[in-house]
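S.K.: Got a structure here, written out as structure tokens. Questions coming.
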Amino acid sequence: MVQLQPSSRPEVLYPDSDGQPMADNTKQFRWIVIIQQNLDWLFANDPQVFVAGDLLWYAVEGDNKKRVAPDVMVVFGRPKGDRGSYKQWEEDNVPPHVVFEILSPGNTTAEMNRKLLFYHQFGVDEYYLYDPDKDDFKGWVRLEGFLDVIEPIENWVSPRLNIRFDTSGEELQILRPDGQRFLSYAEIAQRAETESQRAEAESQRAEVAEAKAKRLAERLREMGVDPDEI
């Protein structure tokens, strides 16, 4: 009988957190949530589009150092669902196709250059970088195997997401394919409340009109007139 010897290779651990905060300030956090939630909403009916915010992406099996946590990432061809991290080898080796980064004062040029290199090396198709403090928006798109700078970026339409970026105002506007801009949660809730109030008012008007019609029909019958024959 051959006795198998235990493997001497230590197990590689892939932590679900890198110990870094999701955002350094409220403005950065607000933009991360707006982009992630609106993209999740945009692709809500497609079970094969995975959208995540601040999720660690491990690119290479066996190497827990080759990792990055995009502020927002979108992966086509992968199912929705909860994940502790995105391990590419467990996802049919499909890398995130689109990533977003929102700058904060704590981000350094060297750090962002390393991220750009990582996204180029590991197969990202589109990379967008926004500095809300300076209202500075940049983008890169993969052309002939390389992430190339998008110039001009004004009114650029994402090939993958089909959303448009409007940089003409005081801050970035992101527009859905139907032309509606990305909304904050507060704006979405306010619109929903307004629609609910409008529907309630219309229902009340309909009830009042129906009650008036019934009273009129009763009076006509009292007068010997059949309202159905009028």
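S.K.: Can you name every residue in the stretch 157-189 that is assigned to a strand (DSSP E or B) and open to solvent by less than 60 Å² (accessible area, probe 1.4 Å)?
M.R.: Taking the stretch 157-189 and keeping what is assigned to a strand (DSSP E or B), we get 157, 164-166, 173-175, 181.
Within the stretch 157-189, F165, D166, Q173, I174, L175 qualify.
S.K.: Let me ask another. May I ask you to list pairs of residues, at least six apart or on different chains, whose Cβ atoms are under 8 Å apart, with the first in the stretch 58-73 being assigned to a loop (DSSP other than H, G, I, E, B) and the second being polar (S, T, N, Q) and open to solvent by 50 Å² or more (accessible area, probe 1.4 Å)?
M.R.: A69/Q20
S.K.: Related question: So I34 clears everything in (1) open to solvent by 60 Å² or more (accessible area, probe 1.4 Å); (2) of a type outside the set (S, T, N, Q); (3) not in a strand (DSSP E or B) except one condition, right? Which one?
M.R.: Checking I34 against (1) open to solvent by 60 Å² or more (accessible area, probe 1.4 Å); (2) of a type outside the set (S, T, N, Q); (3) not in a strand (DSSP E or B), the one that fails is (1).
S.K.: Could you list, in sequence order, all residues of the stretch 74-106 that are polar (S, T, N, Q) and either in contact (Cβ under 8 Å) with a residue 40 or more places away in the chain or open to solvent by less than 40 Å² (accessible area, probe 1.4 Å) (or both)?
M.R.: So the first thing to find is which residues in the stretch 74-106 are polar (S, T, N, Q), and the list is 85, 88, 93, 104.
Of everything in the stretch 74-106, those that are polar (S, T, N, Q) and either in contact (Cβ under 8 Å) with a residue 40 or more places away in the chain or open to solvent by less than 40 Å² (accessible area, probe 1.4 Å) (or both) turn out to be S85, Q88, S104.
Here's the yes/no breakdown for (1) over 24 Å from F137 (Cα atoms); (2) not aliphatic (A, V, I, L, M):
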| site | (1), (2) |
| --- | --- |
| V51 | no, no |
| N64 | yes, yes |
| V72 | no, no |
| K80 | yes, yes |
| N93 | yes, yes |
| H97 | no, yes |
| F100 | no, yes |
| S104 | no, yes |
| K115 | no, yes |
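S.K.: Related question: Only one of D148, D125, D131 is charged (D, E, K, R), under 30 Å from W89 (Cα atoms) and open to solvent by less than 50 Å² (accessible area, probe 1.4 Å); which?
M.R.: Numbers: D148 fails: open to solvent by less than 50 Å² (accessible area, probe 1.4 Å); D131 fails: under 30 Å from W89 (Cα atoms).
One residue alone meets the criteria, D125.
S.K.: Could you tell me how many of the residues in the stretch 37-62 are open to solvent by 40 Å² or more (accessible area, probe 1.4 Å) and within 18 Å of F122 (Cα to Cα)?
M.R.: Going through the stretch 37-62 one residue at a time, the tally reaches 4.
S.K.: Okay, moving on. Considering only the stretch 92-147, give the strands (runs of 3 or more DSSP E) lying wholly within it that have at least 1 residues that are of a type in the set (D, E) and in contact with an Asp or Glu (Cβ under 7 Å, 6 or more places away or on another chain).
M.R.: Details: elements: 98-102, 126-131, 136-143.
In the stretch 92-147, the matching strands (runs of 3 or more DSSP E) lie at 98-102.
S.K.: Quick check on the stretch 23-39. Is at least one of its residues farther than 26 Å from W89 by Cα, out of contact with any Pro (no Cβ under 7 Å at 6 or more places or on another chain) and small (G, A, S)?
M.R.: yes
The values are calculated or read from the model by the stated rules, or taken from the named source; none is laboratory data. Since we're looking at a predicted model, the values are computed, not measured. Cβ: placed from backbone, ideal geometry, glycine included. Neighbour counts: every protein chain shown. To get the accessible areas, we keep the full protein, side chains included, count just its heavy atoms, and leave off ligands, DNA and RNA. Shrake-Rupley method; radii C 1.70, N 1.55, O 1.52, S 1.80 Å.
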